[in-house]
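Colleague: Can you keep this structure in mind? I'll have questions shortly.
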Amino acid sequence: MAKPFASNTVSVKTLNVNFLIFLFMATIYVEGIRSFPPRENAPDFVIGNGVITPRQLMDFFKKAEVVEHYTEYKGDKQVKFQVLKGRDGSLNFVIDTFKPDANAGSNDTANDDADLPF
């Protein structure tokens with residue numbers, strides 16, 4: 001008899017490893033974009049205020065640590081980023097440095113699916 005949730009155990013282990021990798025990766029904050037919490041009297045639909053400094057932003061995207069995270073979509077270079085909520089209510093923009101593990105989609109989990117009752 002197969003162990004219940006055997007395939008989920010593999011997924012949980014993979015998630016835990018990916019989470020630990022995420023914790024230890026250097027966070028790359030986007031330079032040239034700053035955000036601030038909304039003013040006290042701001043309407044409900046305003047989630048914050050921001051400032052863009054074009055020169056600083058352009059220089060940031062030329063840095064080697066950022067260039068290595070470029071992706072391409074329909075022939076255009078792109079950089080994926082995440083929007084994080086700061087403790088003060090502001091938004092922080094960080095480069096998404098996640099790279100899928102080449103071994104994550106291996107055949108190990110394919111065999112576990114045969115034990116599923118559905």
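The values are calculated or read from the model by the stated rules, or taken from the named source; none is laboratory data. Predicted model only: the values in this text are computed from it and were never measured. When we count neighbours, we look across all protein chains shown, and the Cβ atoms used for this are built from the backbone with ideal geometry, even at glycine.
Colleague: Could you list all residues from the stretch 63-77 that are in contact with a Lys or Arg (Cβ under 8 Å, 6 or more places away or on another chain) and not in a strand (DSSP E or B)?
Modeller: Listed by number, the list holds a single entry, His69.
Colleague: Just give me the residues in the stretch 78-111 being at pLDDT 75 or above, of a type outside the set (Val, Ile, Thr) and not in a loop (DSSP other than H, G, I, E, B), in sequence order.
Modeller: Residues satisfying the conditions are Gln78, Phe81, Gln82, Leu84, Lys85, Leu91, Asn92, Phe93.
Colleague: I'm trying to understand the selection: among the residues of the stretch 35-70, which are among the small types (Gly, Ala, Ser), within 22 Å of the chain's Cα centre (by Cα) and loosely packed, with under 13 Cβ neighbours inside 10 Å?
Modeller: Of everything in the stretch 35-70, those that are among the small types (Gly, Ala, Ser), within 22 Å of the chain's Cα centre (by Cα) and loosely packed, with under 13 Cβ neighbours inside 10 Å turn out to be Gly50, Ala64.
Colleague: What are the residues in the stretch 77-103 that are farther than 21 Å from Glu31 by Cα and without any contact (Cβ under 8 Å) to a residue 40 or more places away in the chain, if any?
Modeller: Lys99, Pro100, Ala102, Asn103
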